[in-house]
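Worksheet for the structure shown next.
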Amino acid sequence: MKRVREDSLDQKAPPEEAANSKVPQHIAIIMDGNGRWAQARGKKRVFGHKAGMERAREMAEVCGELGVKYLTLFAFSSENWNRPKDEVSFLMELFATSLKNESKKLHKNNVKLMVIGDKDGFDRRLRKAIEKAEALTQDNDGLYLQIAANYGGRWDIVQAAQALAEQGAEITEESLQSKLVTADGVDPDLLIRTGGEQRISNFLMWQAAYAELYFSDALWPDFDGKALKAAIEDFNRRQRRFGKTGEQVATASD
Ligand code: FPP
């Protein structure tokens, strides 16, 4: 049975922009700039991660309101283990506590939470917290919130290729796609990176093949709902051609 979403997310009228424009089905975000945001305030980097967590929560709420189907957040890359030990432990702790504190609310808001990445890299406690949050929300069909943690795009492609090799299966675009950690989802339409850098940093390497890229100079803890809506408006001004000519696309959408 479809859950009736009863709290604040849904009672607000849809924003005007949503009515007049296309909402991307899948938004993926590289949340960069937490450390610099904290340092600019004379605080430790981890203070920025805490503020970044609040923004992540806000993004999920805004995406739910706008009717975005998938939101994928890059929370921790395969390469982030190389950060100072204290910062890594803080991020793991923040992840575990957030899963515990937020999963009931996510469930209430009909959000399906999925952690994508190499979960074997996490300690038992975090793995348990992930399993619990995923199990609680698995039947929800509102926003699909994918948290990329211990994730790397190359790792994802390699693990998919290994799975096919183990089965002795033929390697085609379709078969490889079906083994990616995002196999059940759709490719991102819009990939946002905050923090002023303009690179993909080994995020959804396969899946983002045709994503529109949007770079914001805002540091992640400053990237609010208004900034997200500006990114969506920018997305709407673009013509997605998927390898076709502009004329072909224009004729098809007439
Ligand atoms: C990049 O900023 C941010 C990260 C590596 C961690 C992102 C984590 C969060 C936003 C909090 C956890 C969120 C969830 C959803 C569990 P940076 O540290 O590289 O910043 P800098 O470039 O200014 O140093």
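Rule-based calculations on the coordinates, nothing more; no lab input. None of the values given here were measured: they were computed from a predicted structure. So basically every Cβ, Gly included, is an ideal-geometry build from the backbone, and we count neighbours across all protein chains shown.
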The stretch 174-254: spread of alpha-carbon positions along the three principal axes, whole Å, largest first, is 37, 35, 20
If one builds a Gaussian network model of the chain from Cα atoms under 10 Å apart, the most fluctuating residue listed among W81, W37, W155 is W81
Exposure proxy check on E233, E174, E134, E102: fewest-to-most Cβ neighbours within 10 Å is E174, E233, E134, E102
Sparse-neighbourhood loop hits (chymotrypsin sites (Phe, Trp or Tyr not before Pro), the stretch 193-254; DSSP loop; Cβ within 10 Å at most 16 others) -> W206, Y210, F242
Working note, the chain: Cα radius of gyration (Å, one decimal) and Dmax (Å, whole number) are 18.5, 56
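Taking 8 Å as the Cα distance limit and 6 or more residues as the minimum spacing, I'd like the relative contact order of the chain as a percentage. Write down the numbers at each step before the final one.
Values: 389 pairs, mean separation 64.4, N = 254.
The value is 25 percent.
About the Cα centre of the stretch 156-247, how large is the charge dipole given +1 on each Lys and Arg Cβ and -1 on each Asp and Glu Cβ? Please answer in debye to the nearest 20. Could the numbers behind the result be given before it?
On the way: 10 positive and 16 negative charges, 64 e Å.
Dipole about the Cα centre, nearest 20: 300 debye.
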Taking max minus min of the Cα coordinates of the stretch 94-166 on each principal axis, largest first, gives extents in Å of 40, 27, 18
As straight-line cross-link partners of K44, the qualifying lysines (C-alpha separation under 18 Å, not fewer than 8 residues apart within one chain) are K85
About its Cα centre, the chain carries a charge dipole, from +1 on Lys and Arg Cβ atoms and -1 on Asp and Glu Cβ atoms, whose size in debye to the nearest 20 is 880 debye
Listed by chain and number, the lysines with an alpha carbon less than 18 angstrom from that of K226, same-chain partners under 8 positions apart left out, are K12, K22
Note to self: C-alpha centroids of the stretch 159-206 and the stretch 42-87 sit apart, in Å, by 21 Å
Neighbour-count ranking for K112, K132 (other C-beta within 10 angstrom, fewest to most) reads K132, K112
The Cα extents of the stretch 131-173 along the principal axes, largest first and rounded to whole Å, are 34, 20, 19
Listed residues V68, V158, V111; largest mean-square fluctuation, Gaussian network over the chain with Cα springs below 10 Å, found at V158
Candidates Q138, Q162, Q207; GNM for the chain (alpha-carbon contacts under 10 Å) flags as most fluctuating Q162
